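Worksheet: the structure to be examined is printed underneath.
The values are calculated or read from the model by the stated rules, or taken from the named source; none is laboratory data. Worth saying up front: this structure is predicted, and the values here are computed from it rather than measured. Here the Cβ positions follow ideal geometry from the backbone for every residue, glycine too, while neighbour counts run over all protein chains shown.
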Amino acid sequence: MHLKNSTGVIASTLAALSATAAMAATTPYDLIRPTWPLSWDAKVFENFDTTVTKKTGMLPKEATPASFKAGAMMPDTLDQAYLDAINTKISPIRVNQAGYLKSDKERQFYFVGSKATEFEVVDADGKSLSTKITGTFTATETTTKSDWTIIAGTDVATNDPKRYKVEITGPEGNIFVGKIPQNVPTEKRLRIKVGDEISSTFIVSDDVYTMAKDASLKFFGIQRSGNSESWFHGPSHTKDGGGKVVVIENNKSVAAEGYTSKEGALQGGWYDAGDHLKESQTQAFAFAALAVMSATNPAKDVDHYAYNQGEFVKTDGVPDVLREAKHGADFFLKAYEFAKGVVDDMPVSVGNFGSDHGWWGRPEVQDYVTVTGRGGPTERDVRLGELGANISSEIAAGLAILSKDYAKYDRKFADSCLVVAEKMYDFAKALAQGKDKYDGDKPFVNNKQAAGWGSLAYMGNNEFTDDLALASVALLYATGKKDYADDALRNKELYDGQRELNCAGCFNGGWFMTNNYGGMLKSSKNTSWANAHSYALYALYKLILADKSKATSEYGLTEDERLAAIEDCLADMIDNISYLSSSGNSITLPAPETGKLLSNTVSYDPIWYTMLTDQAWIFNGYQAGNIFEVLAYADVAADIEKQGVTLPAMASTGLKASEMRQLGINQLNYLFGVNPWDISFVYGVGDKNDAHPFHRAANPEGKNWPGLAYKYNAPVGALVGWQDPATTSMNPDRLSWENFYISEVTLNAATLLTSALTLVSNGGSDYYEKKCDNCDTTEASPFSNEVYTTAYHYTINKMDFFNVQFVNETLDDLDSVVAYIYFDASEEDIDACGAIFDNDICQAYDIGGFNKVCDNDRELRNLLRSTPPVKVEDTYNKDKNTYTWAQAISVGTIGLGGRLRLDISISSGVKQNNVCETFRTPSKVKVTDGWSFTAHSESKDAPAYDGAPDWDKDQGDIQQPPRDPYNVIRSKGKLLWGYGPGETTSDRVGFVAPKTTIAKARMQVGNNRLYVLTNTEGTKTVKIFDMLGNQLMARDFYGTRAEVSLANLPHRGALIARVMQNGKVLATQSIRIK
């Protein structure tokens, strides 16, 4: 976000204004973002078990978060322990933590306990409303209980990855059903109060699901690859296309002969899940679904964001879902260009399953990885043969829709989409029909199976008729050509196995007339990346059939064809949903036709409203597919009822559209908080979220290499997989994040969630103030971009050792690195060889997490032995008769994102030939009491330091030691880190921030801009000073991120940047402007 312009206004005036101004929005969905609870239990961490690890200091030093403010918005970046602490309280009151529609007549929530008769609706602070509003519960005989064990981690770079374990038990008892009264205030946060219990917040607004959709779309921004203006990470995998070209053979990748890699040609697309693979099956499904939802619901696809979803004031004028679909289209057009127009040669998957999963880190870093087995650019395979008739059809469908709907924004792009869409449809159709060639005389070389093929990541997409049906509808929508209408609904000899039957739900021809009883039926399979039947049926009705005039005039259908297709579409939607039924309550929909095999009863769990999923893992993702089907049927049925359409055989009334819509809304209640664990499963929405997703960019718990540390940042909009609520005990058999079948967040789930939310959104654009203090967000770097040392002390046979580690948190290799350790000793002690420094262990850790003995190990040992300490002038201590001495250590090279470990012994010995030779006996000098390792109080020029801790020798193998600011690092003479005694670091630029228990703000300069990342909300000020202390600039901003232009500063060179809030300094940092 850009900082608010303040030209001509002094900083003090700005501060006064910001204190009185109304709080501006920070996102379009602020009203449903997580907020702090009304109180904080300072003893909550007493319930956290840290005996699961040998590491120390695993819990925050501050029992109460520094940013805690009752009811205030929580930062996205927060220590996971605090988030887990919030979740230790499973409330008996379960509400939809996003909120409820004003039009929802049920507004259902639960209370779990032994007794409950009345509840009160209170404000966000837990206080009664001006007019007290109460309601009564309906008791049920259903009982429930829940428990949840969280096993948190640090990282997996060591053999002791655990951090703590906390066991949570929720209330047990009967479920009492409450309904929020219709007369509650709207558009503001509320809570439910029962006795002394108070729920999470929620709102009542017809915009609530538009807000939720705005949040869900941001996950697509997180998943973007390439130089794609992701609001969450920097340019990533920009070298895609440079890996080896491979092809699928017998479900294995083998080298493809005759193809040339091209670095950068395939950047873009979306990551599949918590990894960095770009998979054809999920990318194509997401692309087609986004295009369908935008085209079928244009009034609900509004422009709330720029392409960078951090910007919501100066937007791009393009509806957001449509714009995100274009991101997918851009990737597939690049693949077409890479293939030089030969569809069979299009690589639409990038990455190697094994090597990609061998590395855990932020996506913007992986381009720098050169270590084998860690998924760097050369190991990101360019994969051919992953189109089939199914995936190529989904791509064709998306491109066809964009060729029509994006034309008003970019005609040239739209025209390209249509050209490629028709080429890909021709390819898919020929492959499905078993032909040897397509597009005239092009042979099938890499793609020889229409469906049923797979990759190491995905197997099970065994059909193509659903995808070809969708493609034919999309192309008919885009072109109006009769051929596509014939292929969709008329042709009876498209492929072997088409089955013609005469019934409602049995299409008269086309791809919709399948071998499954002549309809677009999928039995008990969930709508997902492998099954697009529901999207095909929904698109057919909404794009082609719903408007009688367009159906007959633009798309060439007769009225009889239209009505028959509407009936078949409706009947198949009913049958598909009914196959997802579980035991419990049911809704009976019109029977398609007596005596036919199609079903018409929709059953669901009476408490959690869940339905059948065909897989146990990633349960919520597949449940989101069910919700989409339910709401898509409700939308179609409501339109048929509204139009008063008379169907050929089925009843046109009693379609129960409103009842099915209510079912879908109650199912969304479950996802957003009315569930056994009292959390919203959608990250960044609702007061309580899980904090351990299986997602590399968001969660550092899986990081398996030493450098470029980053903090947890909630993957906003992602839907966590979780488990079936039939099992209310959540007990992982490993670290919580490692339970990927429960903890992973996926592109597939986000696609289904966004689709479902679209159907209950209203497209509103006036529910938030399009104004903020800072509105052109470029994600601040998550990395510290610094080089630093850590240190701890241990003894062996009474001899002192120091484990000193040098960590490179930059994306540059460092060479000619020299470190300096300072200690106090008398001249006599030094002359008598009373402090001999020796290198016992030197290990180098690279960006891939591999370690080896340092290349310069022997040289380093020889240099240490032959280079005595040097006296630091003007450091004489008369009382102790000592000077401070500097021991130089020629470290050499530290690779980007790498770490170097030195175990240095301090011993005494004897001088021979003017060189000290060690006896390997304890030193006569207490180096632990010297400058580099002793405790320091905060001073004007240097920070506080607790001193090097006394640990066991191997403690550093399982946890990172504390940083030591009193060791000094230089590279080519330039000071990179540390505070030396006297004038040893007089070339230091800038001031020192006061010690804080957590880093409250970080800054980084790039391209004449200062990027600021803080962990506190509210208004803050960035000030820029010259080295004499003269203030050059002051800018205010609101939120946790800011971007300040430095282009117009009157000074260049070394400057000081400071972040302040409420008169207190959050951070001070030296910067250099070229």
Checking residue 867 against (1) within 40 Å of the chain's Cα centre (by Cα); (2) at pLDDT below 95, the condition it does not meet: (1)
Test: residue in segment 722-730 that is among the small types (Gly, Ala, Ser), in contact with a strand residue (DSSP E or B) (Cβ under 7 Å, 6 or more places away or on another chain) and part of a helix (DSSP H, G or I): no
Contacts under 6 angstrom Cβ, first residue in segment 470-493 being basic (Lys, Arg), partner buried (at least 23 other Cβ atoms within 10 Å of the Cβ), 6 or more apart: 490/510
Number of the condition not met by residue 862 [criteria: (1) without any contact (Cβ under 8 Å) to a residue 12 or more places away in the chain; (2) part of a loop (DSSP other than H, G, I, E, B); (3) within 52 Å of the chain's Cα centre (by Cα)]: (2)
Matching residues, segment 384-429, being within 30 Å of residue 257 (Cβ to Cβ) and of a type in the set (Phe, Trp, Tyr): 425, 427
Some residue of segment 912-933 being under 30 Å from residue 849 (Cα atoms) and surrounded by 19 or more Cβ atoms within 10 Å (Cβ to Cβ): yes
Flag if residue 997 is modelled with pLDDT under 80, assigned to a strand (DSSP E or B) and among the hydroxyl-bearing types (Ser, Thr, Tyr): no
Residue 900, sole failed condition from (1) surrounded by fewer than 21 Cβ atoms within 10 Å (Cβ to Cβ); (2) assigned to a strand (DSSP E or B): (1)
Residue tally, condition surrounded by fewer than 24 Cβ atoms within 10 Å (Cβ to Cβ) and of a type in the set (Asp, Glu), over segment 194-237: 4
Residue within segment 589-605 that is among the small types (Gly, Ala, Ser), in contact (Cβ under 8 Å) with a residue 12 or more places away in the chain, assigned to a loop (DSSP other than H, G, I, E, B) and on the phi > 0 side of the Ramachandran plot present: no
Pairs with Cβ under 6 Å, 6+ apart, first in segment 1008-1021 and on the phi < 0 side of the Ramachandran plot and in a strand (DSSP E or B), second of a type in the set (D, E, K, R) and modelled with pLDDT under 80: 1013/1002; 1013/1041
Test result for residue 796, crowded, with 19+ Cβ neighbours inside 10 Å, more than 36 Å from the chain's Cα centre (by Cα) and not aromatic (Phe, Trp, Tyr): no
Flag for residue 758 being farther than 26 Å from residue 457 by Cβ, buried (at least 24 other Cβ atoms within 10 Å of the Cβ) and modelled with pLDDT of 95 or more: yes
Residues satisfying the stated conditions in segment 402-439, i.e. closer than 19 Å to residue 337 by Cα, of a type in the set (A, V, I, L, M) and in contact (Cβ under 8 Å) with a residue 40 or more places away in the chain: 402, 418, 420, 421, 424, 428
Segment 142-175, residues that are within 29 Å of residue 707 (Cβ to Cβ) and either at pLDDT below 95 or not in a strand (DSSP E or B) (or both): 154, 155, 156, 157, 158, 159, 160, 161
So residue 909, is it of a type outside the set (Lys, Arg), in a strand (DSSP E or B) and buried (at least 18 other Cβ atoms within 10 Å of the Cβ): yes
Exclusive hit being assigned to a loop (DSSP other than H, G, I, E, B), surrounded by fewer than 21 Cβ atoms within 10 Å (Cβ to Cβ) and on the phi > 0 side of the Ramachandran plot, set 874, 855: 874
Long-range neighbours under 6 Å by Cβ, at least six apart or interchain, first residue within 19 Å of residue 798 (Cα to Cα) within segment 939-967, second among the small types (Gly, Ala, Ser) and not in a loop (DSSP other than H, G, I, E, B): 948/791
Selection count, segment 621-639, where residues are aromatic (Phe, Trp, Tyr) and within 13 Å of residue 610 (Cβ to Cβ): 1
Qualifying residue in segment 115-136 (condition: under 19 Å from residue 147 (Cα atoms), outside any strand (DSSP E or B) and touching a residue at least 40 places away in the same chain (Cβ under 8 Å)): no
Residues satisfying the stated conditions in segment 1038-1062, i.e. more than 13 Å from residue 1011 (Cα to Cα) and either in a strand (DSSP E or B) or more than 34 Å from the chain's Cα centre (by Cα) (or both): 1038, 1048, 1049, 1050, 1051, 1052, 1053, 1054, 1055, 1056, 1060, 1061
Residue list for segment 109-131, filter: touching a strand residue (DSSP E or B) at 6+ places or on another chain (Cβ under 7 Å) and more than 27 Å from residue 668 (Cβ to Cβ): 114, 117, 128
Residue satisfying all of: in segment 686-710; at pLDDT 95 or above and touching a strand residue (DSSP E or B) at 6+ places or on another chain (Cβ under 7 Å); farthest from residue 359 (Cα to Cα) among these: 687
Number of positions in segment 781-840 that are among the aromatic types (Phe, Trp, Tyr) and modelled with pLDDT under 95: 1
Leading residue by the ranking (nearest to residue 456 (Cα to Cα)) among those in segment 213-256 that are without any contact (Cβ under 8 Å) to a residue 24 or more places away in the chain and among the hydrophobic types (A, V, I, L, M, F, W, C): 254
Pair list, Cβ under 8 Å, 6 or more apart: segment 494-519 residue at positive phi and surrounded by 24 or more Cβ atoms within 10 Å (Cβ to Cβ), other residue of a type in the set (Asp, Glu) and part of a loop (DSSP other than H, G, I, E, B): 505/593
Which listed residue, of 677, 737, is part of a loop (DSSP other than H, G, I, E, B) and at negative phi: 677
Flag for residue 866 being of a type in the set (Gly, Ala, Ser) and exposed (fewer than 14 other Cβ atoms within 10 Å of the Cβ): yes
Extreme residue, farthest from residue 683 (Cα to Cα), among residues of segment 615-650 that are aromatic (Phe, Trp, Tyr) and part of a helix (DSSP H, G or I): 633
Test: residue in segment 185-200 that is under 24 Å from the mean Cα position of the chain (by Cα), at pLDDT 95 or above and not basic (Lys, Arg): yes
